[in-house]
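The next block holds one structure in the form of structure tokens; read it before the comments.
The values are calculated or read from the model by the stated rules, or taken from the named source; none is laboratory data. Keep in mind the model is a prediction, meaning the values are calculated, not measured. Note: ideal-geometry Cβ built from the backbone for every residue, glycine included; neighbour counts use all protein chains shown. Each accessible area value is taken on the protein alone, full model and side chains, heavy atoms only, with ligands, DNA and RNA left out. Shrake-Rupley method; radii C 1.70, N 1.55, O 1.52, S 1.80 Å.
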Amino acid sequence: TAERIASAESSNLRTPVRLHDTAATETELPAPEPKPTSRSNQLESTLDVWATEALSTGVWECGPGEFTADRSANTEVCQIISGHGTVTGEDGTAADIGPGSLVVLPRGWRGTWIIRETIRKSFVIVDG
């Protein structure tokens, strides 16, 4: 029918979606701010690269010290670019992390990060 043809034609004329790209290892981040969950007055900086209602991605950096993290409402997947530390869950499972580490904090995870050398990571956070 004419309606079906018009629908098919309009779907072929969709607007292109833009690629989002940043050099995560060297991009300049915004001025650091106090980290709200820090136990040691750390500063953090986040560059948001792209986001939707249910997902966000970007580059994050945080100085040495200790902070708590709560992933009750979302899942985080991150790739450590530089720095070193230890991530420990409430269940006692710990991982020493450094450049190249891939960290998955599933929805419901809670724990502590101890940063020994300023960490920079790229991240994806998925809500729900």
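Brief remarks on what is shown
- Between Val77 and Arg18, the FRET efficiency estimated from the beta carbon spacing at R0 = 30 angstrom works out to 0.85.
- Taken about its Cα centre, the chain carries a charge dipole of roughly 160 debye when the Cβ of each Lys and Arg holds +1 and the Cβ of each Asp and Glu holds -1.
- Extension reserve of the Leu55-Arg39 stretch, reckoned as 0.36 nm per residue once the Cα distance is removed: 3.0 nm
- Chain lengthening between Asp70 and Glu28 when straightened (0.36 nm per residue, less Cα-Cα): 12.4 nm
- Taking Cα centre as origin and charging only the Cβ of basic (Lys, Arg, +1) and acidic (Asp, Glu, -1) residues, the dipole magnitude of the range 67-120 rounds to 120 debye.
- The loop-placed GluC sites (Glu not before Pro) in the range 74-128, going by DSSP, that have at most 14 neighbouring Cβ atoms within 10 Å of their Cβ come out as Glu90.
- Rg/Rh, computed from the Cα trace of the chain with Rh as the Kirkwood radius, has the value 1.16.
- 3J(HN,Hα) couplings calculated from phi for the range 110-117 with the Karplus curve 6.51 cos²θ - 1.76 cosθ + 1.60 (θ = phi - 60°) are, in sequence order, 9, x, 10, 10, 10, 9, 8, 9 Hz; Gly and Pro show x.
- For Gly58, residues with placed amide H under 5 Å, excluding near neighbours: Val49, Phe123
- Angle in degrees between helix 2-12 and the longest Cα principal axis of the chain, rounded to the nearest 10: 40 degrees
- Surface analysis of the chain yields an accessible area of 64 Å² per residue, using protein heavy atoms and a 1.4 Å probe.
- Of the solvent-accessible surface of the chain, computed with a 1.4 Å probe and all protein chains present, 52% belongs to carbon and sulfur.
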